[in-house]
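To start, the structure under review is shown below, and the notes come after it.
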Amino acid sequence: DQYPDCINELAEGHSRKCLVFACSDSRVSRSHILNCQPGEAFMVRNIANMVPASNQLQYVGVGAAIEYAITALTVENIVVIGHSRCGVIKRLMTHSEDGSVHCDFIDESVNIGLPAKAKVIAHGLGGHDIDEQCEACARD
């Protein structure tokens, strides 16, 4: 037990003040970046730390996490942690929307980022190198 002093306290319930969205990528250690101890943040990880618009009910898991964090845990802050060279963001920026390559679950998750991709292209970055496009998309 790495945290013996807080095990009983953690078993009693949540006292988190922060909701953190982070990428599932194993290179991104959200607790290390934020210096969080167990029980200090409500953590949600998904591919490319995608957070859909509130009206996109098909992404109920992310919406439920946000709603729970706000209503039940009364978090005070929401943090979205992105990172460079994200494979899912690269897929979003290079993915053909013609259906030629199809992975149901991945494509559905990647589609959350289509508005960000459209902004990158609309701002004239479509002709830039793919790493620059991905960086701009991840920031959005």
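Laboratory data are not the source of any read-out in this text; all were calculated from the coordinates shown. The model shown is predicted, which means the values in this text are computed figures rather than measured ones. Cβ sites come from the backbone with ideal geometry, for glycine too, and all protein chains shown count toward neighbours.
Below, the figures for the structure above:
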quantity: Candidate lysines for bridging to Lys90, where Cα separation is under 23 Å - those fewer than 8 sequence places away on the same chain excluded; calculated: Lys117, Lys119
quantity: Under the Debye formula (equal points on every Cα, no solvent term), log10 I(q)/I(0) of the range 22-133 at q = 0.20 Å⁻¹; calculated: -1.19
quantity: Extension gain, Arg139 back to Phe105 (0.36 nm per residue minus Cα-Cα distance, nm); calculated: 9.9 nm
quantity: Residue among Val88, Asn111, Ala136 farthest towards the positive dipole end of the range 87-139, charges placed on Cβ; calculated: Ala136
quantity: Size of electric dipole in the range 87-139: Cβ of Lys, Arg +1 and of Asp, Glu -1, about Cα centre, debye, nearest 20; calculated: 180 debye
